[in-house]
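Step one of this worksheet: look at the structure below.
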């Protein structure tokens with residue numbers, strides 16, 4: 001049996017397709033939408049993807065010329081947000097997605113590791129995120145990677161409450177996918 005090719009993780013390039021990235025987000029967040037949760041990634045427009053990318057540094061995983069994963073290191077978030085996100089020394093992991101057929105192969109851990117390493121390099125001490133509170137598989141996924149639940153937050157117009165999670169940087173905390 002042949003080994004699965006390894007994806008390349010890099011920053012989003014100016015000539016990368018925002019449409020392709022948005023489509024990936026839609027596919028990755030579809031499982032949440034199918035459960036009745038209106039997570040932004042499941043329906044966001046290309047303009048929303050561009051706006052969110054502008055909040056930080058977008059990383060993509062590329063395999064065979066296709067974007068198959070993404071994670072955003074957010075360092076400047078506008079608007080209403082969980083209080084933790086505005087604290088000094090806290091960076092945020094956002095717009096995190098892996099192509100559904102490639103889940104369980106470690107790609108998500110590689111993306112989180114990339115974001116964590118870069119946040120630490122930039123002087124951040126913690127990495128925070130939020131996810132659907134009742135999406136137990138996602139919560140468990142993040143817990144296995146060292147994140148701990150610290151708060152709840154209700155985003156405007158969302159059909160769910162978010163669980164805010166954080167991990168200290170410099171720790172690994174990644175389990176096998």
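The values are calculated or read from the model by the stated rules, or taken from the named source; none is laboratory data. Source: prediction; values computed, not measured. FYI the Cβ positions are ideal-geometry reconstructions off the backbone, even for glycines, and counts take in every protein chain you see.
Can you find, within the range 57-100, the residue that is modelled with the lowest pLDDT among those that are part of a loop (DSSP other than H, G, I, E, B) and closer than 16 Å to residue 123 by Cβ? Looking at residues that are part of a loop (DSSP other than H, G, I, E, B) and closer than 16 Å to residue 123 by Cβ, I get 76. Could you tell me which residue of the range 118-136 is surrounded by the fewest Cβ atoms within 10 Å (Cβ to Cβ), considering only residues that are out of contact with any helix residue (DSSP H, G or I) (no Cβ under 9 Å at 6 or more places or on another chain) and over 15 Å from residue 170 (Cα atoms)? Selected residue: 136. Within the range 80-101, restricting attention to residues that are in contact (Cβ under 8 Å) with a residue 60 or more places away in the chain, within 23 Å of residue 43 (Cα to Cα) and surrounded by 17 or more Cβ atoms within 10 Å (Cβ to Cβ), the residue that is farthest from the chain's Cα centre (by Cα) is 82.
So which residues in the range 138-157 are closer than 17 Å to residue 97 by Cβ and in contact with a helix residue (DSSP H, G or I) (Cβ under 9 Å, 6 or more places away or on another chain)? Matches in the range 138-157: 138, 141, 142, 145, 147. Annotation note: Cβ proximity below 8 Å between a residue of the range 1-18 that is on the phi < 0 side of the Ramachandran plot and at pLDDT 95 or above and a residue that is in a loop (DSSP other than H, G, I, E, B) and surrounded by 12 or more Cβ atoms within 10 Å (Cβ to Cβ) (sequence gap 6+ or interchain) occurs for no pair. When residue 108 is tested against (1) within 24 Å of residue 167 (Cβ to Cβ); (2) in contact with a helix residue (DSSP H, G or I) (Cβ under 7 Å, 6 or more places away or on another chain), exactly one condition is not met: (2). Filtered by the rule that a residue be closer than 22 Å to residue 38 by Cα and at pLDDT 90 or above, the range 138-161 gives 138, 139, 140, 141, 142, 149, 151.
In the range 19-48, of all residues being touching a strand residue (DSSP E or B) at 6+ places or on another chain (Cβ under 8 Å) and free of Cβ contacts under 8 Å to residues at least 60 places away in the same chain, the one that is farthest from residue 95 (Cα to Cα) corresponds to 20. Among the conditions (1) outside any strand (DSSP E or B); (2) at pLDDT 90 or above, residue 41 misses just one, which is (2).
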